[in-house]
Each structure stands twice: as C-alpha cells, then as structure tokens.
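Asker: Supplied in structure tokens, the structure appears directly below.
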C-alpha cells in the first residue's frame, strides 16, 4: 500500500471563499431564500402544533385565518425551497466553472515545472473531480450555515419568552452540535484526504491503462494491470467505507442529541403547564419550535463535517489555482518592432534544482539563418528550447529577441504572452494532437488563418499526402493525441502547425526524429522555402539534418564549445567530429551497408575517412558520445 501523504493544512476551504466575490448578489439572494425556507418551516410546524394544542386543551377548532396562514406557509415554504435550490446550484455551478478555468490557468502558468512527473490521471482528478467535489460546499454549506444560525437565534428568543428554562435543553444541544464537527475536523480531513488520494490514484491508473491498452495487450501485461486496478479500487473502497461509516455514526449521534433535547423541552414544558406557568396549548408548540430550531443546526453541523472532508480537494484546487509561474508575467512589457528577428542567449545559466545544466551559454541566431544545436544526451539542448519558449527564466544571463539595428534587443521576460507566442514558435519532438479534425489541429495556433494560407502550409510540409490518405481529408478526426496518425505524420502536422502562425523565430526540438531520411529532407526543403527572414534553431542529432544548417553549435558541459559550418568543424576534427565518430565506432562491425539512395532521399553523410581517423585518435570524453536515437 502506498504511504498516505500528510493531511492538508487548515484554511483550504476558506481560501476558496473569495471566488464568491464576483457573485455577491447571487450569494445574497441564495442566503435570503434559505432563510425564508427554514423560517417558514419552523413557523409552520410551530403554528400547526399550537393549533393542535388549542384544539385538544380548549376544544376549539382552528379559525379560518389560522388555516389560511398554514396553507400560506406551506406554499411559501415550497416556493422558497425551490428558489433556494435553484439559486444555490446556479451559484455553485457558475463558481465551479470559474474554478476549472483558474485551475487550468494555474497548470498552464506553472507548466512544465508543476506538471513534470505528475500523472495525467492525477491532474484530471484535480481539474475535474476535486473541483466537482466542492459543489456541496458552494451550493449548500454557506447559505445553510447563515440561515440556520439566524433561525435558531429567533427561535431561542421565542422559547425564552415562553420560559427561560426551556433554553437549558436547547442551547447546550445546539452548542454540542456545532462543536462536534470542529473537534473532529482533523480526523475528517485525514479521512477525506485518504479518499481523495485513493480516487486520484485510481484515476491515474485507469487513464494510463486506457492510453496504453495496445502495449498491454502486445506485452501480455493486461492481467497484471487488472490486478493493479483492482488493488487501487480496493484502497478507494476502504477509504470510502471508513469515511462513510464515520459519517453515519456522526449522523446518528446528532439525531440522538436532537431527540434528547426535544424530550427535555417536552418534559420542561409539561412540568410548566402542570404548574400553570405555561399555557397547555403552548406545550406542543414549544416542542415543535425546539425541533424546528435544532434540526437546521444539526444539518449545518453535518454540512460542516462534510465540508471538513473536502479540505483535501480544496487544498489540491488551491494549490493548482495559486501555482507560481515558472516565468512571471512582464511587469512593464515592451512592444516588439515589426520585421525580422534574431535570437540570442547571453551568459545563460540554468538548472532544475539538482545541478547546473547550462553554465554560461552564448549563442546567436541571426534573421534568415539556420543554426543547428547538437550535443550529447543531457547536454541541455532541450533546456535551451524550454528557455526560448519561456517555460522558465534563466538563473543568470538573458534570452533576447534581436531586431535589426539600431533597435535594441528585447528580453523574453519583457514581452507579453501574446507577443512572445506570435513571434516565437517552438515545435518539440512529441507535439501531441488533440481530439478533433486534422484542420482544427493545424489551426490551433492560428485560428484566423485563411484557407489559402492553410493550403500553402499543408503543401509545403507534405501534410497534403497525409490528408489524401484519410477518408475526409483535412476534415477527418485524428483521434485523441493523434492516435490514427503515425509518428512521422504527426511530425509533419506539428511542423505545419508551427509554420501556419507565421513565426519570426522557429525552434525545432528533435521535430524530425520520427521521420525517415527522405521525410527529413522533404521537411528541410519546406523550412528553406520560408526562411529568408526567419531565425531558425534546429536541435537535432541526425548528421544529414545538422549538415544542412548554415552554422552548427556544439553544446557540452553547459557551454557552447564549438561553432562553425559543417565543413569547418569536420576539418577541425573537434567535438562535432568526435560526437559522430564515436557513434559510428560504437556500431557493430558487421553492420550491413547502407542501401543506395534515390534522388529524393538523402543519406546521412559520414565524416571523411581522414577525419574519422583523426577523431578516433583524439581523447574524446565519454560524455561526448552522440547517442543513437536522441
């Protein structure tokens, strides 16, 4: 069994009350409807009991006015109940809709730092399940607490007028009802925390099982996965059973307390009536009034208890809503000038908390230039892409967009989110597609693109051949995460999506890793078609891709250790040659020869034999090996 995390801190629910600020009028109307509802019920049962008492003790039938008043109270209570339910649920669902947006904004603001390593099912449990669990808190708890408090005060005042001794049975019971959920709040929070944690675990296991169903079938692991799901389900059942068992016992205790208090009122009222200190007709009315006053208090205590069990859900929602940004918004944003842009990293240092990844990176890509960034696995190439996407800000140094002189460079931290995304497009190796049509996925970053612009990008990136093979062309649904497309097809769609927005700076992070050499060459020609003014940074490991770049930068030890053209760096026999030569040296001696390429294909160029011998003779470190497939 997985260890249970510590319970959530107190105040999680209170921290979510400010979201009601935008709905003050609805909150007021909801509380007023709840107050009328509960007051009408107490008045109805009290008047009915007094009418019966009068008929029994005095032999008087109810007057027509009394009957009319009873009927009016019934109708008023029915109307108030309907209105309170309508208003409270309307309020709750509006607030939940707002909370879902805030949770999504928080996750987006803090991504990828916050979501890295978290399971998608766990994130879904927070964005959907935890928010949905708060419906009871917003729909029932707040209005019920305020209304029951006001009704009890008025009822207690009436009882005090009838006989102060009646309060001796009612007030202590009311205090115990409210005090009990406060005393056991920690235990309720712990039980609720276990339930929410078990539910999130089951959600994660289920999402992963559905996503990986094909692999589970192919590897024969389906039975083991079923066992994990059953185990997670049993943990959730135990947590829910423990929570509900306690709630059932607590409910029985509240009912017993209310009944005891009512019996005390009956005994006191009967004794007072026998001593002529209380009109006999008021004895049943006092009992009904006490019951009508304590019943809402008991329901409020139950609501408090249930709300205490929601602290875990509230804490998870609060954590997501108030998640700190990996890159804070610009306090004094600067506009970007029109025209071409370059990019520059100056003295960039950055680490993920466990050590330094980039240690003084200096790199410039001029407008119209394509630069390939290469390095061993873990050298920090993708970290550079993340900084250019501004998922994080560097610990030291600057990441800038550089307009032509005399305009000064603009740091990414000085741009608004919209300006940054309009100027810089980062396309990663794993660019997920969404459940929708192929055209909708292409227009994701440019919803206003014209049909001509879409057609042009589709042809340039070879997506037209993908669409031709689909039943409805660009209007064909591609499935969740593009499941109906191959990895190479998804790469073409991702690149087309990035180009459709017309970026002035394009960053490709292993975008063509899923393509064969022919597809890689085709996309290279697509990129060249519109790169006259665009700055392009290509992070790649395939020599054919690297060779096409105007300039190559080699990243090692957190720094750029070598820059130049392909021919310059190969002749130098330095780090770049060492990377490729070590990979070829690691290949088996019996590796079959490469097939002859067609004019439409481009094979990976090997360093000249003299350069391979020179590289093999150098003392390259193991960290300089360029791993296959990275």
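Asker: Only one of 347, 342 is out of contact with any helix residue (DSSP H, G or I) (no Cβ under 7 Å at 6 or more places or on another chain), under 21 Å from residue 408 (Cβ atoms), surrounded by fewer than 16 Cβ atoms within 10 Å (Cβ to Cβ) and in contact (Cβ under 8 Å) with a residue 24 or more places away in the chain. Can you tell me which? Break it down into steps so the answer makes sense when it comes.
Answerer: Working: 342 fails: surrounded by fewer than 16 Cβ atoms within 10 Å (Cβ to Cβ).
Matching residue, one of 347, 342: 347.
Asker: If I filter the stretch 469-490 for residues that are assigned to a helix (DSSP H, G or I), in contact with a strand residue (DSSP E or B) (Cβ under 7 Å, 6 or more places away or on another chain) and over 24 Å from residue 379 (Cβ atoms), do I get at least one hit? I'd like the intermediate steps shown before the answer.
Answerer: Of all residues in the stretch 469-490, those assigned to a helix (DSSP H, G or I) come to 473-475, 480-482, 487-490.
After this cut, where a residue has to be in contact with a strand residue (DSSP E or B) (Cβ under 7 Å, 6 or more places away or on another chain) as well, the list is 474-475.
Filter once more, so that each one left must be over 24 Å from residue 379 (Cβ atoms): 474-475.
Among the residues of the stretch 469-490, at least one is assigned to a helix (DSSP H, G or I), in contact with a strand residue (DSSP E or B) (Cβ under 7 Å, 6 or more places away or on another chain) and over 24 Å from residue 379 (Cβ atoms), which makes the answer yes.
Asker: Given the criterion over 28 Å from residue 269 (Cβ atoms), surrounded by fewer than 19 Cβ atoms within 10 Å (Cβ to Cβ), modelled with pLDDT of 80 or more and under 45 Å from the mean Cα position of the chain (by Cα), identify the matching residue among 146, 175, 199. It would help to see each step written out before you state the result.
Answerer: Working: 175 fails: over 28 Å from residue 269 (Cβ atoms); 199 fails: surrounded by fewer than 19 Cβ atoms within 10 Å (Cβ to Cβ).
Just a single option satisfies the conditions, and that option is 146.
Asker: Restricted to the stretch 530-567, and to residues that are touching a residue at least 12 places away in the same chain (Cβ under 8 Å) and part of a helix (DSSP H, G or I), which residue is farthest from residue 361 (Cα to Cα)? I'd like the intermediate steps shown before the answer.
Answerer: Initially, the stretch 530-567 is screened for residues touching a residue at least 12 places away in the same chain (Cβ under 8 Å), giving 530-566.
Now restrict to residues that are part of a helix (DSSP H, G or I): 543-547, 566.
Values: 543: 23, 544: 25, 545: 22, 546: 19, 547: 22, 566: 20 Å.
Applying the filter and picking the extreme gives 544.
Asker: Would a scan of the stretch 263-277 turn up a residue that is more than 21 Å from residue 51 (Cα to Cα) and surrounded by 15 or more Cβ atoms within 10 Å (Cβ to Cβ)?
Answerer: The answer is yes, given that some residue of the stretch 263-277 is more than 21 Å from residue 51 (Cα to Cα) and surrounded by 15 or more Cβ atoms within 10 Å (Cβ to Cβ).
Asker: Quick one: how many residues across the stretch 70-109 are more than 29 Å from residue 317 (Cβ to Cβ) and either surrounded by fewer than 17 Cβ atoms within 10 Å (Cβ to Cβ) or outside the structural domain of residue 42 (by TED's automatic domain parsing) (or both)?
Answerer: Number of matching residues: 8.
Asker: Among the candidates 378, 397, 428, 368, which residue alone is closer than 30 Å to residue 575 by Cβ, in the same structural domain as residue 479 (by TED's automatic domain parsing) and without any contact (Cβ under 8 Å) to a residue 24 or more places away in the chain? Steps first, please.
Answerer: Details: 397 fails: without any contact (Cβ under 8 Å) to a residue 24 or more places away in the chain; 428 fails: without any contact (Cβ under 8 Å) to a residue 24 or more places away in the chain; 368 fails: without any contact (Cβ under 8 Å) to a residue 24 or more places away in the chain.
Checking each option against the conditions leaves just 378.
Asker: Let me ask you something else. For the stretch 41-54, does any single residue satisfy the condition of being assigned by TED's automatic domain parsing to the domain that holds residue 155, under 34 Å from the mean Cα position of the chain (by Cα) and under 21 Å from residue 154 (Cα atoms)?
Answerer: No.
Asker: Could we say that residue 506 is over 12 Å from residue 429 (Cα atoms), touching a helix residue (DSSP H, G or I) at 6+ places or on another chain (Cβ under 9 Å) and at pLDDT 85 or above here?
Answerer: So residue 506 passes the test.
Asker: Does residue 166 satisfy the condition of being surrounded by 20 or more Cβ atoms within 10 Å (Cβ to Cβ), assigned to a helix (DSSP H, G or I) and at pLDDT 80 or above?
Answerer: yes
Asker: Tell me whether the stretch 208-224 contains one or more residues that are closer than 29 Å to residue 299 by Cα and in contact (Cβ under 8 Å) with a residue 24 or more places away in the chain. Steps first, please.
Answerer: So in the stretch 208-224, the residues closer than 29 Å to residue 299 by Cα come out as none.
No, the stretch 208-224 contains no residue that is closer than 29 Å to residue 299 by Cα and in contact (Cβ under 8 Å) with a residue 24 or more places away in the chain.
Asker: Out of (1) surrounded by 22 or more Cβ atoms within 10 Å (Cβ to Cβ); (2) within 25 Å of residue 462 (Cβ to Cβ); (3) in contact with a strand residue (DSSP E or B) (Cβ under 7 Å, 6 or more places away or on another chain); (4) at pLDDT below 90, what's the single condition that is false for residue 569?
Answerer: (2)
Asker: For the stretch 11-33, indicate whether the set of residues that are in a loop (DSSP other than H, G, I, E, B) and buried (at least 16 other Cβ atoms within 10 Å of the Cβ) is non-empty.
Answerer: yes
Asker: Okay, next question. Quick one: which residue in 333, 337 is in contact (Cβ under 8 Å) with a residue 60 or more places away in the chain and surrounded by fewer than 16 Cβ atoms within 10 Å (Cβ to Cβ)?
Answerer: 337
Asker: I would also like to ask the following. Take residue 264 and tell me if it is within 30 Å of residue 198 (Cβ to Cβ), in the same structural domain as residue 195 (by TED's automatic domain parsing) and not in a loop (DSSP other than H, G, I, E, B). Can you show your working first?
Answerer: Numbers: within 30 Å of residue 198 (Cβ to Cβ): no; in the same structural domain as residue 195 (by TED's automatic domain parsing): yes; not in a loop (DSSP other than H, G, I, E, B): yes.
It is false that residue 264 is within 30 Å of residue 198 (Cβ to Cβ), in the same structural domain as residue 195 (by TED's automatic domain parsing) and not in a loop (DSSP other than H, G, I, E, B).
Asker: Here's something else I'd like to know. Does residue 239 meet the test of being surrounded by 15 or more Cβ atoms within 10 Å (Cβ to Cβ) and not assigned by TED's automatic domain parsing to the domain that holds residue 302?
Answerer: Judged against the criteria, residue 239 is a match.
The values are calculated or read from the model by the stated rules, or taken from the named source; none is laboratory data. Computed from a predicted model, the values in this text were never measured in an experiment. Glycine also receives a Cβ, built like all others from the backbone with ideal geometry; neighbour counts cover every protein chain displayed.
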